[in-house]
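K.L.:
Structure in structure tokens, see below.
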Amino acid sequence: MFNKVLIANRGEIALRVMRACHELGIKTVAVYSEADARAPHVREADEAVLIGPPPSRESYLLGDRIIDAAKSANAEAIHPGYGFLSEREWFARAVRDAGLVWIGPPAEAIAAMGNKTAARSLALANGVPVVPGTTEAISTAKEAEKLANEFGYPLLLKAAAGGGGKGMRVVAAPKDLTAALDAARREAKSAFGDDAVYMEKFIERPRHVEIQVLADAHGCVLSLGERECSVQRRLQKMIEESPSVAVSPQLRREMGETAVRAARAAGYVNAGTCEFLLDNDGRFYFLEMNTRLQVEHPVTEFVTGIDLVQWQLRIAAGEKLPFKQEEIVPRGWSMECRITSEDAYNNFLPSTGRIQHLYLPSGPGVRWDGGVESGSEVTRYYDPLLAKLIVWGADREQAIRRMRRALVDLVIQGVESSRDFHVRVMDDEEFQDGAIDIQWLERRLASILERKPKEESIRVAAIAGALLAERERAARTVTPGDEVLEPGKRNNGVALESWKQAARIEGLRS
Ligand code: MV4
């Protein structure tokens, strides 16, 4: 096993990877920008290297500087986390060329899945079902018209160099095709420097279900079941769970075998995820493969009992997977809420500032993967993900009840957060029924945000809020603009369950 690993990331995922390293007896090297000098990931590492000013382009995206940091600290391997450099083929190659171990898939596998038309061809050649559409880039408007008539409307234009949905265009009717093609090309060119665009039939109201795979360097490729990721807004996932209410044991087996075939075809090693659309009739279509550890990996860890990050390290060190496919059976239900510094009541506007108080939920089946603490500065330089709250329960209903309880126990004061939004999703009947698809949140958002807390808690909270405001005033500790506990302003006039929050904040102060 490695003696020392550099983690080329920040925030919650840097801490997550460090924990796995420390459990395996591996020393850790953090890298950080000037904005992160006091960040928890820097303090928790055995060593830390300053790599540049706050903007990512001048710090966390500087591959060469990060490789230099690894060499000067005598680290043997680099874990990229997610985002930043994690899916850059050139970086995976540069790490290998520098004589370091890349804790991720081979650069060739990143490349094989990186181009979406190439990935579709690879899938088709290996019996992996894809959405009906082209595997070649479209050349002319005339050709587009012919193909569109073949696949039928509505259809979707996608950038070949894209992924994650950037530069997609829905075309509802033939009259819109030419203009949509021009627009998609322009967007693709400016976003990816490549104007190649291809076409797929548009699948309406599907679920987004993905399969976690784990492959060692000795030919063993396993499926670790699905994650249901349909609750998303503008391509940002908000809530994920495993298993999915829409996946039977037989479908799980079929999708798992399909994902394993896709991974084998790409020469995949390490942890990866195959994204699928699942339609109302139980048909599934391969979309793309994410060649990294994903944000939502903990729900798979909870239901399988397998530590994905430890296995990423072990696989990169050459170990064999000791599991058989038949031994991997999901147990119970896990759910994750992404706790972001966004104001759901203000169009999810990112919120910045100092976290005045952070009180963390705990108890059976509760996991907090966080990157901030009381006193942390939330800046606009990075992603608004503060933490992930993950729970496990015996079944979906227990998981939802536990998530709601843990969210209500959580206190974040000083920046706006998505906490109240998540509580209200847990209270939503359609969500509780599992009647979700990728457009569900958009349709339901207004009614979720309108939902009022219980009458009793409004009264209690109003009293507690007024009491706390008065105490703060008396103690001259009022923070200008901080009206989280002041009734009548937002959240339907009341901070959710704020009498409990008031007690916890007072406790933290004393
Ligand atoms: C689609 C689709 C419907 N039909 N492809 C968006 C992210 C990228 N990975 C692919 N995406 C989609 N591709 C066809 N043929 C709908 C989406 C889509 C989506 C997919 C997964 C999760 C959220 C989504 C939100 C909007 C659209």
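K.L.:
Hey, what do the phi angles of the stretch 75-85 turn into as Karplus ³J(HN,Hα) couplings, whole Hz, using 6.51/-1.76/1.60 and θ = phi - 60°, x for Gly and Pro?
P.N.:
6, 9, 8, 10, 9, x, x, 10, x, 5, 9
K.L.:
Give me P(r) over the stretch 294-444, computed from all C-alpha to C-alpha distances, binned every 10 Å, as integer percentages.
P.N.:
10, 34, 33, 18, 4
K.L.:
Going through the DSSP H helices of the chain, which span 18 Å or more along their own axis at the Cα atoms while scoring at least -1.0 as a mean Kyte-Doolittle hydropathy? It would help to have the intermediate numbers written out before the result.
P.N.:
Details: long enough: 11-23 (19 Å, 0.07); 177-192 (22 Å, -0.01); 249-265 (24 Å, -0.83); 396-409 (20 Å, -1.07); 455-474 (29 Å, 0.14).
Correct list, ordered by number: 11-23, 177-192, 249-265, 455-474.
K.L.:
Would you mind giving the average projected area, over all directions, of the Cα convex hull of the stretch 355-434 in nm² with one decimal?
P.N.:
On the way: hull surface 21.9 nm².
Dividing the Cα hull surface by four gives the mean projection, 5.5 nm².
K.L.:
If you filter the stretch 14-71 for trypsin sites (Lys or Arg not before Pro), then keep DSSP loop positions with at most 13 other Cβ within 10 Å, what is left? Before the final figure, lay out the partial values.
P.N.:
Working: sites: Arg16, Arg19, Lys27, Arg38, Arg43, Arg57, Arg65, Lys71; in loops: Arg38.
Sites meeting the loop and neighbour criteria: Arg38.
K.L.:
Provide the percentage of antiparallel DSSP beta bridges, counting only those with both residues in the chain; round to the nearest 5. Walk me through the numbers on the way to the answer.
P.N.:
Details: 58 of 73 bridges.
Roughly 80 percent of the DSSP beta bridges within the chain come out antiparallel.
K.L.:
Please identify the trypsin sites (Lys or Arg not before Pro) of the stretch 329-420 that satisfy two criteria: DSSP loop assignment and at most 16 other Cβ atoms within 10 Å. Which are they?
P.N.:
On the way: sites: Arg331, Arg338, Arg354, Arg367, Arg380, Lys388, Arg396, Arg401, Arg402, Arg404, Arg405, Arg419; in loops: Arg331, Arg380.
The qualifying sites are Arg331, Arg380.
K.L.:
So, one more: Which FRET efficiency value, to the nearest 0.05, is calculated for Leu24 and Glu257 with the Förster distance at 30 angstrom and r the Cβ-Cβ distance? Walk me through the numbers before you get to the answer.
P.N.:
On the way: r = 31 Å, r/R0 = 1.02.
For R0 = 30 Å, the calculated efficiency reads 0.45.
K.L.:
Also: Just from its helices, what would the mean residue ellipticity at 222 nm be for the chain, if runs of 4 or more DSSP H residues each count -39500 (n - 2.57) and the sum is divided by every residue, rounded to the nearest 500 deg cm²/dmol? Walk me through the numbers on the way to the answer.
P.N.:
On the way: 17 runs with 186 residues, N = 510.
Estimated from H runs of four or more residues: -11000 deg cm²/dmol.
K.L.:
Semi-axes, largest first, in whole Å: what does sqrt of 5 times each Cα gyration tensor eigenvalue give for the stretch 154-230? Walk me through the numbers on the way to the answer.
P.N.:
Values: eigenvalues 197, 59, 16 Å².
In descending order, the three semi-axes are 31, 17, 9 Å.
K.L.:
Let me ask you something else. Take the cross-link list Lys116/Lys142; Lys27/Lys320; Lys116/Lys158; Lys146/Lys175 and give me the ones stretching past 18 Å between alpha-carbons. Don't skip to the end; give the middle numbers.
P.N.:
Working: Lys116/Lys142 23 Å; Lys27/Lys320 22 Å; Lys116/Lys158 9 Å; Lys146/Lys175 13 Å.
Where the Cα-Cα span goes over 18 Å, the pairs concerned are Lys116/Lys142; Lys27/Lys320.
K.L.:
Just to verify a number: FRET efficiency for Ser72 and Gln398, C-beta to C-beta distance, R0 = 35 Å, to 0.05?
P.N.:
Numbers: r = 49 Å, r/R0 = 1.40.
That pair, Ser72 with Gln398, gives E of 0.10.
K.L.:
Name the long-range amide H neighbours of Leu224: under 5 Å, sequence gap of 5 or more, or other chain; modelled H, no Pro or chain starts.
P.N.:
Residues meeting the amide H criterion: Gln212, Val213, Leu214.
K.L.:
Might you report the magnitude of the Cβ-based charge dipole of the chain about its Cα centre, with Lys and Arg at +1 and Asp and Glu at -1, to the nearest 20 debye? Kindly include the intermediate steps, with their values, before the conclusion.
P.N.:
On the way: 67 positive and 73 negative charges, 76 e Å.
The calculated dipole for the chain is roughly 360 debye.
K.L.:
Moving on. List the GluC sites (Glu not before Pro) in the stretch 72-123 that DSSP assigns to loop (not H, G, I, E or B) and whose Cβ has at most 16 other Cβ atoms within 10 Å. Which are they?
P.N.:
Numbers: sites: Glu76, Glu87, Glu89, Glu108; in loops: Glu76, Glu87.
Passing sites in the stretch 72-123 do not exist.
K.L.:
While we're on this one: Mind checking the dipole of the stretch 296-365: about its Cα centre, +1 per Lys or Arg Cβ, -1 per Asp or Glu Cβ, Debye to the nearest 20?
P.N.:
Numbers: 6 positive and 9 negative charges, 29 e Å.
Computed about the Cα centre, the dipole is about 140 debye.
K.L.:
Then there's this: Please compute, for the alpha-carbon atoms of the stretch 2-143, the extent along each of the three principal axes and give them in descending order in Å.
P.N.:
Reported extents, whole Å, longest axis first: 58, 31, 27.
K.L.:
Follow-up. Which of the listed residues, Asn126, Val209, Gly81, is farthest toward the dipole's positive end in the chain, when Lys, Arg count +1 and Asp, Glu count -1 at the beta-carbon?
P.N.:
Gly81
K.L.:
Return the whole-Å distance between the Cα centroid of the stretch 169-242 and the Cα centroid of the stretch 99-154.
P.N.:
Answer, in whole Å: 11.
K.L.:
Here's something else I'd like to know. Quick one: Cα centre-to-centre distance for the stretch 301-349 and the stretch 21-88, in angstrom?
P.N.:
Answer, in whole Å: 22.
K.L.:
Going toward the positive end of the dipole of the stretch 349-405, with +1 on Lys and Arg Cβ and -1 on Asp and Glu Cβ, which of Leu349, Pro361, Ser376 do you reach last?
P.N.:
Projecting each Cα onto the dipole axis, the largest value belongs to Pro361.
K.L.:
So, one more: By how many nm would the segment from Arg96 to Ser190 grow when fully extended, if each residue of separation counts as 0.36 nm and the alpha-carbon distance is taken off? Provide the component values of the computation, followed by the final result.
P.N.:
Values: separation 94, 0.36 × 94 = 33.84 nm, distance 3.03 nm.
That works out to 30.8 nm of additional length.
K.L.:
With Cβ to Cβ distances under 9 Å as the rule, what net charge do the other residues near Arg205 carry (K, R +1; D, E -1)? The partial results should precede the final answer.
P.N.:
Numbers: positive: Arg207; negative: Glu204, Asp279, Asp437.
Charge balance in the 9 Å sphere: -2.
K.L.:
Separate question: Once amide H atoms are built 1.01 Å from N in the peptide plane, which residues 5 or more positions from Ser230, or in another chain, come under 5 Å H to H?
P.N.:
Those lying under 5 Å, H to H, from Ser230 are His208.
K.L.:
Shifting gears a bit: Can you compute 3J(HN,Hα) from phi for each residue in the stretch 364-372, using the Karplus curve 6.51 cos²θ - 1.76 cosθ + 1.60 with θ = phi - 60°, rounded to whole Hz and x for Gly and Pro?
P.N.:
x, x, 10, 10, 10, 9, x, x, 10
K.L.:
Starting from the Cα of Gln236, step 7 Å toward the Cβ, then list every residue of the stretch 327-355 with an amide N under 14 Å from that point.
P.N.:
338-352
K.L.:
To the nearest µm²/s, what D does Stokes-Einstein give for the stretch 306-383 at 4 °C and 1.567 mPa s, using the Kirkwood radius over alpha carbon pairs as Rh?
P.N.:
On the way: Rh = 16.6 Å.
Roughly 78 µm²/s, to the nearest whole number.
K.L.:
Per q in 0.12, 0.15, 0.21 Å⁻¹, report the Debye log10 I(q)/I(0) for the stretch 104-199, using one uniform scatterer on each alpha carbon and no solvent.
P.N.:
The Debye formula, applied to the Cα set alone, gives -0.37, -0.57, -1.05.
K.L.:
What is the Rg over Rh value, at two decimals, for the chain, using alpha-carbon atoms and the Kirkwood definition of Rh? Write down the numbers at each step before the final one.
P.N.:
Values: Rg = 23.6 Å, Rh = 24.2 Å.
Computed over Cα atoms, the ratio is 0.97.
K.L.:
Then there's this: Starting from the 7 Å offset along Cα-to-Cβ, what nm value, one decimal, do you get for the label separation of Ser447 and Glu377?
P.N.:
Going from the Ser447 label point to the Glu377 one covers 4.4 nm.
K.L.:
In vacuum, with every alpha carbon of the stretch 127-284 counted as one equal point scatterer, what does the Debye formula give for log10 I(q)/I(0) at q = 0.20 Å⁻¹? Two decimals, please.
P.N.:
Per q value, in the given order, log10 I(q)/I(0) is -1.26.
K.L.:
Hey, another quick one. Which three lengths, in whole Å and largest first, does the stretch 208-365 cover when its Cα atoms are put on their principal axes?
P.N.:
On the principal axes, the stretch 208-365 reaches 49, 40, 30 Å in Cα extent.
Only the coordinates and a few stated rules stand behind these numbers; no lab work does. Given the structure is predicted, the values throughout are model-derived calculations rather than measurements. Cβ sites come from the backbone with ideal geometry, for glycine too, and all protein chains shown count toward neighbours.
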